Amino acid sequence: MPGGFSSTNITKKSETELPQILVDFELEKMIHELKDNISQMGLDFSVYLKNLKKTEDELKKEWLDKARERVRAALVLQKIADVENLDVTSRRPKKKLIKFYANTRTRKQ
């Protein structure tokens, strides 16, 4: 949805300063998710890396931009939730976001 409401469009325009600790944590989370997925398929992570001809550190370097993007998206969405006074523990935010999204789509048509 070019120019419309999406976390990708919002985060690209964001100039949020990213704490390195959050980026590092996100990279670790991404690696952990990959390890879990590989394990669920009955494969060994070290064999997977060997087949890729990469190390875990090389994967992290390749994924650095994606980790930054994910952290930036989380920070931006948290800021939106704060500004809009959304309580993410209730169903109310979902309804507000659906209504917001519907209004955004209606304005574009």
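Every read-out reported here was derived from the displayed coordinates using simple, explicitly stated rules and does not represent laboratory data. Being a predicted model, the structure only gives us computed values, none of them experimental. All Cβ positions, glycine included, derive from the backbone under ideal geometry; neighbour counts span all protein chains shown.
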- Query: Taking the Cβ-Cβ separation of ALA81 and SER39 as r and a Förster radius of 25 Å, what is the calculated FRET efficiency to the nearest 0.05?
  - Reply: 0.15
- Convert each backbone phi in the range 23-34 into a coupling constant with the Karplus relation 6.51 cos²θ - 1.76 cosθ + 1.60 (shift: θ = phi - 60°), then list the ³J(HN,Hα) values in order as whole Hz, x for Gly and Pro. 5, 4, 4, 5, 4, 4, 5, 5, 5, 4, 4, 5
- Note on the structure: Checking rank on 73-80, 42-49, with mean other Cβ inside 10 Å and highest first, the result is 73-80, 42-49
